[in-house]
Amino acid sequence: AGIGKRVALALARRNARTILACRSRERGQAAVDEIRAATGNTEVQLRLLDTSSLCSVRAFARAVLREEPRLDVLINNAGVSGLPFTITPEGLEETFATNYLGPFLLTNLLLG
């Protein structure tokens, strides 16, 4: 939803192979279907990613590095605010993990 969906739509309109990294399979697939219908680009894909989970970030990065021949652009757009103080199963404060640690780790893992 929001900025991330708009960016994905703009990339897909330029015929870019576009991977939407989403926490929710349902909402992510709906966005993929909408973008494919609007652009005719069948190279819009969904991959699950929760940037609050470093385990999820590592699994996502491994899959991208294994399955994609190259990665030209990475747009880190995940972010939350106003959440109650919560600790993730990995012992991290959830907002900090989601907004900073997860995207930082993802970027570094994808750089190779």
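The values are calculated or read from the model by the stated rules, or taken from the named source; none is laboratory data. Every value quoted in this text rests on a predicted model; they were computed, and no experiment measured them. Cβ: placed from backbone, ideal geometry, glycine included. Neighbour counts: every protein chain shown. All accessible areas refer to the heavy atoms of the entire protein, side chains included, with ligands and DNA or RNA removed. Shrake-Rupley method; radii C 1.70, N 1.55, O 1.52, S 1.80 Å.
Evaluating V80 against the criteria (1) in contact with an Asp or Glu (Cβ under 9 Å, 6 or more places away or on another chain); (2) part of a helix (DSSP H, G or I); (3) surrounded by fewer than 16 Cβ atoms within 10 Å (Cβ to Cβ); (4) of a type in the set (V, I, T) leaves one unmet condition, (2).
Considering only residues in the range 87-104 that are surrounded by 17 or more Cβ atoms within 10 Å (Cβ to Cβ) and β-branched (V, I, T), the one that is nearest to S52 (Cα to Cα) turns out to be T98. Restricting to the range 26-48, name every residue that is open to solvent by 80 Å² or more (accessible area, probe 1.4 Å) and either of a type in the set (S, T, N, Q) or closer than 21 Å to T107 by Cβ (or both). Hit for the range 26-48 is T42, nothing else. Checked against (1) open to solvent by less than 30 Å² (accessible area, probe 1.4 Å); (2) within 12 Å of the chain's Cα centre (by Cα), R23 meets all criteria but (1). Applying the criterion of being outside any loop (DSSP other than H, G, I, E, B) and not aromatic (F, W, Y) to the residues of the range 59-77, the residue that is most open to solvent (accessible area, probe 1.4 Å) is R66. Taking T51 as the residue in question, decide whether it is surrounded by 18 or more Cβ atoms within 10 Å (Cβ to Cβ) and either in a loop (DSSP other than H, G, I, E, B) or under 12 Å from the mean Cα position of the chain (by Cα) (or both). Here the answer is yes, as T51 does meet what is asked.
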